[in-house]
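Here the structure comes first, spelled out in C-alpha cells, and everything after it is commentary.
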Amino acid sequence: MKRLFLIGYMGCGKTTTGKRIAKKYGLDFIDLDQYIEMRFFKTVSQLFKEKGEDEFRKMERSMLVEISEFEDVVISTGGGAACFFDNMDKMNSCGDTIYLKASAEDLFSYLRKAKQDRPLLRDKTDEEMLAYIKDSLSKREPFYSKAKYVMDSRDDTDVLFDKLLR
C-alpha cells in the first residue's frame with residue numbers, strides 16, 4: 001500500500017509530477033482541488049468566492065481526510081492545503097509527503113504566464129505578484145518543511161520516487 005502526497009506552492013509542478021509518477025508506477029492519481037470540484041460541482045474559485053476561505057479550508061480538510069484512506073495513490077494537494085489545521089500531521093501519519101520546492105523567482109516565471117487562471121494573482125502587476133509570492137511562500141515554508149522529503153521542483157529524475165515506490 002502506497003500513498004504519496006505532493007505539497008508545495010501553486011505552480012511548482014505538483015499535478016504534472018503526480019500524473020507522471022502515478023503513470024510510471026501504476027498508481028492512481030488524485031488532484032485534491034479537482035476532487036473537491038467534482039464533489040461540490042463548483043470550481044475552487046467559485047467555492048472561495050461563495051463560501052470564503054475559512055469554509056473552503058474546512059471543506060478541503062474533509063476531502064483530504066477522505067482521500068487519505070485511498071491506497072496506491074499519488075495525491076497532489078492545493079498550494080495551501082498543507083498550511084491549515086493539522087493537515088501536515090495527517091498526511092505524514094498516513095503516507096509519504098514530498099515538498100516540491102521552488103524559488104519565488106521560478107514560481108513567478110511560471111505563474112505570470114497563467115495568472116488569469118489564478119484568482120489570488122489575477123489582478124496583480126508583475127512587481128506585486130513577485131512580492132506576493134515571496135511573502136506567502138515565506139509564510140508557508142514552515143508548513144511545507146514538515147514534509148518527510150524535499151525535492152527541487154526542477155528535478156525531473158525519479159531517484160526519490162524509485163526509493164519510495166520500489
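Since every read-out is calculated from the coordinates, none of them should be taken as a lab result. These numbers come from a predicted model, not from an experiment. Glycine gets a Cβ as well: all are built from the backbone with ideal geometry, and neighbour counts include every protein chain shown.
Structure notes:
- For residue 90: the one exception among (1) surrounded by 15 or more Cβ atoms within 10 Å (Cβ to Cβ); (2) not in a helix (DSSP H, G or I); (3) not hydrophobic (A, V, I, L, M, F, W, C): (2)
- Conditions (1) surrounded by 13 or more Cβ atoms within 10 Å (Cβ to Cβ); (2) under 15 Å from the mean Cα position of the chain (by Cα); (3) small (Gly, Ala, Ser): number failed by residue 145: (1)
- Verdict on residue 52 being touching a residue at least 40 places away in the same chain (Cβ under 8 Å) and farther than 15 Å from residue 161 by Cα: no
- Residue ID - farthest from the chain's Cα centre (by Cα), chosen from residues in the stretch 25-80 that are part of a helix (DSSP H, G or I), of a type in the set (Ser, Thr, Tyr) and surrounded by 17 or more Cβ atoms within 10 Å (Cβ to Cβ): 25
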